[in-house]
Amino acid sequence: MLKIGDKGSYIELSKKENPDNLFLVYVPDIRGLLVRAEETKGELLGDSEKIVIRNNAEVVAVSGYDAKSKYNMSEKEMALQLMTNRLKRERQNEIAKS
């Protein structure tokens, strides 16, 4: 179960149950990681390269308040994570009923 302050890769933490609707925030910011990777490569990253970076980048679990006030997470990003959490719970419930 995901708890405030949990740290790990996005792929690792995104698999945990998240009944409290915590937010996963990239530390450092994912945009900076992608820019740095493109600069290192010397060209734009492909979609698969971006996904690998996103999945393996470190995140921290935070409350909605902290996501918005301390990490400047946008309303759009927050809504997307909430929708993803809801769909994940619905899928888990369907599997449990089977």
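A few remarks follow.
- Every condition in (1) touching a helix residue (DSSP H, G or I) at 6+ places or on another chain (Cβ under 8 Å); (2) assigned to a helix (DSSP H, G or I); (3) more than 22 Å from Lys7 (Cβ to Cβ); (4) not aromatic (Phe, Trp, Tyr) holds for Ala96 except the one numbered (1).
Yes or no, residue by residue, for (1) modelled with pLDDT under 95; (2) not β-branched (Val, Ile, Thr):
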site: Leu45; (1), (2): no, yes
site: Lys50; (1), (2): no, yes
site: Ile53; (1), (2): no, no
site: Ser74; (1), (2): yes, yes
site: Glu77; (1), (2): yes, yes
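- The set of residues in segment 53-83 that are loosely packed, with under 14 Cβ neighbours inside 10 Å, free of Cβ contacts under 8 Å to residues at least 40 places away in the same chain and assigned to a helix (DSSP H, G or I) comprises Tyr65, Ser69, Glu75, Lys76, Ala79, Leu80, Met83.
- One residue from Ser9, Ser98 being of a type in the set (Gly, Ala, Ser) and modelled with pLDDT of 95 or more: Ser9
- Listed conditions (1) at pLDDT 95 or above; (2) of a type in the set (Val, Ile, Thr); (3) surrounded by 15 or more Cβ atoms within 10 Å (Cβ to Cβ) are all met by Val35, apart from (3).
- Count of segment 1-27 residues, restricted to those that are touching a strand residue (DSSP E or B) at 6+ places or on another chain (Cβ under 8 Å) and either in a helix (DSSP H, G or I) or not polar (S, T, N, Q) (or both), is 15.
- Top-ranked residue in segment 1-32 [being farther than 22 Å from Arg86 by Cα and of a type in the set (D, E, K, R); ranked as surrounded by the most Cβ atoms within 10 Å (Cβ to Cβ)]: Asp29
The values are calculated or read from the model by the stated rules, or taken from the named source; none is laboratory data. What you are looking at is a predicted structure, and each value in this text was computed from that prediction instead of being measured. Note: ideal-geometry Cβ built from the backbone for every residue, glycine included; neighbour counts use all protein chains shown.
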